[in-house]
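Working notes for the structure below.
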Amino acid sequence: MNILFLTLSRIVDINARGIYTDLIREFVRHGHSFYVVKPNERSLGRPTELTESCGVRILGVRTLNIQKTNVVEKGIGTLLLERQYYRAIKKYFKDIKFDLILYSTPPITFNKVIASLKSLYGARTYLLLKDIFPQNAVDLGMFPAGSLFHRFFRAKERRLYALSDMIGCMSPANVEYVLAHNPEVGRERVEVCPNSVEPVAHAEAVDREAVLSKLGIPLDKMVFVYGGNLGKPQGVDFLLDVVGANERLDDTFIVVVGSGTEYPKVERWFVEHNPRNSKLLRGLPKTEYDNLVRACDVGLIFLDRRFTIPNYPSRLLSYLENGMPVVMATDVNTDIGRIAEANGYGNWVESGDVAGFVRLLERYASDRELVKEKGECGRRYLEEHYTVARSYSIIMRHFE
């Protein structure tokens, strides 16, 4: 099959590890021809260009900045995407007849591209639903429900669902949310197709002492790590409340590593309070970050308590892959914590429950055998449920 993938991810090297590149390699292994369309944002200074990696043709389309930029440019850039993508596809892939179109959210503004190509080629379509917009923006107070922005993007969202032959959601709660709020979408078109990776058979051992010492992290404490985006969805106020409360403990240390719109706020807090039991690191290169995670003991996940939509952060996968238990603080609608507890690889509290979260830190710090057992459960769960081989089978059973 000729497969087209529309994305906002900055895919350059198909060998790089990630939820999309790992899945693309799985499709290629099964003999499919794969084509990627992704943005070359203005900040990169690159034109629209066609490159190749591991036999995959990658069309980088020059766009405005749509990530890590101001709201105005991001909004305009996102709205222009479908026209820019469509023109580039017609120019660079004009001789390709696509059989399957894959696309992920965000954004929800590829409707015209998908509709045109679906009609032109008779292609089937599959949505990888990684983000439920615009409701997530309403939850975080970016604009009110019923506003002009909300109605405009809600119409786009509904149209995207209508164009999709299948909708793959990250978890059962995501499936139920989509069906409850979009009754026109039949249950037969919605399924769980989770975030997934190609697991490393045996995670490369690291010199824990060397890795932690280099970063000024103590060796004699249980080390909890939060890695990933530091933005509004993560509810960084609660994260900082936890870091502050952790100062009262003697056997725990929290490492926060990442970047995002809320990083300056987090950085100011660390400068002002100078905590002895925590450390803030700006986003590390992938290899260094992976080594840090392997040197830590327990992974952390935070989500803003205001969310009414279920989220499923992909950073969970790196924790599970490295055999680490996970402690989570989320809204009550997200099922990532309930799934972790039901399958024995982590624990959950509602975001805002500082005392409950600290009790979990103490529990893990006092029982290293518990850390080992839950970490092993997580690795097994990953291998059984969150592999790209399984995601590939879920997707392709509809099109073979």
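Observations
- Subset of region 39-48 that is free of Cβ contacts under 8 Å to residues at least 40 places away in the same chain and touching a helix residue (DSSP H, G or I) at 6+ places or on another chain (Cβ under 9 Å) - its residue that is farthest from residue 103 (Cα to Cα): 42
- Hits in region 255-289 (condition: in a loop (DSSP other than H, G, I, E, B) and either among the polar types (S, T, N, Q) or out of contact with any helix residue (DSSP H, G or I) (no Cβ under 6 Å at 6 or more places or on another chain) (or both)): 260, 261, 274, 276, 277, 283, 284, 285
- Looking only at region 174-189, and only at residues there that are hydrophobic (A, V, I, L, M, F, W, C) and touching a residue at least 24 places away in the same chain (Cβ under 8 Å), the one that is nearest to residue 386 (Cα to Cα): 178
- Enumeration of residues in region 162-173 that are in a helix (DSSP H, G or I) and either under 11 Å from residue 134 (Cβ atoms) or without any contact (Cβ under 8 Å) to a residue 60 or more places away in the chain (or both): 162, 163
- Positions within region 19-48 being in contact with a strand residue (DSSP E or B) (Cβ under 6 Å, 6 or more places away or on another chain), polar (S, T, N, Q) and either outside any loop (DSSP other than H, G, I, E, B) or surrounded by 19 or more Cβ atoms within 10 Å (Cβ to Cβ) (or both), in sequence order: 33, 40
- Residue selection: residue 341 satisfies the criterion of being within 16 Å of residue 364 (Cβ to Cβ) and surrounded by fewer than 24 Cβ atoms within 10 Å (Cβ to Cβ).
- Matching residues in region 259-297 - criterion: being surrounded by 15 or more Cβ atoms within 10 Å (Cβ to Cβ) and at positive phi: 260
Here is a yes/no grid of residues against (1) under 21 Å from the mean Cα position of the chain (by Cα); (2) in a helix (DSSP H, G or I); (3) closer than 19 Å to residue 336 by Cα:
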{"residue": "152", "(1), (2), (3)": "no, yes, no"}
{"residue": "155", "(1), (2), (3)": "no, yes, no"}
{"residue": "160", "(1), (2), (3)": "yes, yes, no"}
{"residue": "176", "(1), (2), (3)": "yes, yes, yes"}
{"residue": "191", "(1), (2), (3)": "yes, no, yes"}
{"residue": "194", "(1), (2), (3)": "yes, no, yes"}
{"residue": "200", "(1), (2), (3)": "yes, no, no"}
{"residue": "206", "(1), (2), (3)": "no, no, no"}
{"residue": "209", "(1), (2), (3)": "no, yes, no"}
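- Members of region 1-13 that are part of a loop (DSSP other than H, G, I, E, B) and not β-branched (Val, Ile, Thr): 1, 8, 9, 10, 13
- Single residue of 78, 109, 51, 69 found to be part of a helix (DSSP H, G or I) and polar (S, T, N, Q): 78
- Considering the conditions (1) at negative phi; (2) without any contact (Cβ under 8 Å) to a residue 40 or more places away in the chain; (3) assigned to a loop (DSSP other than H, G, I, E, B); (4) not hydroxyl-bearing (Ser, Thr, Tyr), residue 16 is excluded by exactly one of them, (2).
- Residue count for region 112-129 under the criterion of being assigned to a helix (DSSP H, G or I) and charged (D, E, K, R): the result is 2.
Taken together, the values in this text are just the output of simple stated rules run on the coordinates, not laboratory data. These numbers were taken from a predicted model, which means no experiment stands behind them. So basically every Cβ, Gly included, is an ideal-geometry build from the backbone, and we count neighbours across all protein chains shown.
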